[in-house]
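Here's the structure, in structure tokens; my notes come after.
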Amino acid sequence: MADISYNRKEAITFISDFIDDINETFSSIDILKVDIEQRRSIKQMINEIEKAFGDETVDSGVLYGMYNKLMRSLPESIKNRINTIRNVKHDINRVRIEPSIFEQCNKRLRESNIMDEYNKIFVRKFEEYLLTMHGINAQEYDREFYQSMYAQWLASQRMLFRNYVGFLRKCKLAPNKDKENPTELFKGSYDTLKEYYPVILGVFSRYASTIETDTISEGLNSFDDIYVKKDGSLYPIIETNTGNKLRIPFEKEAQFTCYVHNPYDDKEKEKILRLLQNPNMEVTFGLYGYKCEEDIDKKVEELRELKKEIPGAQFFTQEFDDDSPDAYNIGLLYKPRRKRD
């Protein structure tokens, strides 16, 4: 039983949060397993508690008594689901998310189709996280609850990306005007360096159209991907009015400063590995992630090993590794271009 020494305001806050968890559980298909009369009884008790919130003569002891009665009435399946939801909330909210970042993510989701090709990349990652970390099938919840949780998770990813941006600056590898043709590959609106470094010439990516037009160089928004040959040379791909895909070769000795991080899939990773073979390219390849979500330590170690195969390469790492659940790891591989004779 909860400590009745809490004052009335604290009791209302505590019980209100619990009722919110019940209502969110009622948004899942689990509620279909509960007898309809039992559902009505639970809803009635919730209504009585919320009515008591407005009655100043009802003290905290009475409120906690009503809370305990509600607790006893809940089936085990609902209690288990509530505990799971609380764990997910705690896990997602473990990161100190700035309100402006959360609002930014909410705004982007409202203005975009959550199931378009670009958003699907992050939706899949979010659903994998829910399933592997909490055993939750995200499809069991209604759209409103799903999008609320997704927006919070997405904001935590944005905060981590900002840590990565800061690490680039700390390692003195951030894009700047002295870099030759600074170019970003394979990114979209959620994790583009262009947002922080307007000096970037352009973003070569099939998701470039998701980036706000005022943050991308004129004309480069039409490139919907980049082809990387086995020798590491770049061929931007453009789609014609007839739907044909054209590969547009740069000059053979064209030199670029390429920025890539956290490839979305294995195909992009293969392109990056080819890019690292090009002596004319200066490449910064970063990997980062929360330790509780993915096997980031293994990925960073593989990046460290990759350094041994690339002449002149440097490796940097930043690890936040303590008992905090928002521990993360960042690995950064830098390959300079070949010096001109």
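Laboratory data are not the source of any read-out in this text; all were calculated from the coordinates shown. Here the structure is a predicted model, which means the values were calculated and not measured. With ideal geometry, Cβ positions are generated from the backbone for all residues, glycine too; neighbour counts draw on all protein chains shown.
Couple of notes before you dig in:
- Length gained on full extension, R338 to Q104, computed as 0.36 nm times the residue gap minus the Cα-Cα distance: 80.2 nm.
- At most 11 other Cβ within 10 Å, DSSP loop - trypsin sites (Lys or Arg not before Pro), region 277-321: K308
- E301-V199 pseudo-label distance in nm [points 7 Å out on the Cα-to-Cβ vector]: 3.6 nm
- Links that overshoot a 18 Å alpha carbon limit, given the list K89/K299; K9/K43; K125/K299: K89/K299; K9/K43
- Counting neighbouring beta carbons within 10 Å and listing from fewest to most, the residues M66, M281 come out as M66, M281.
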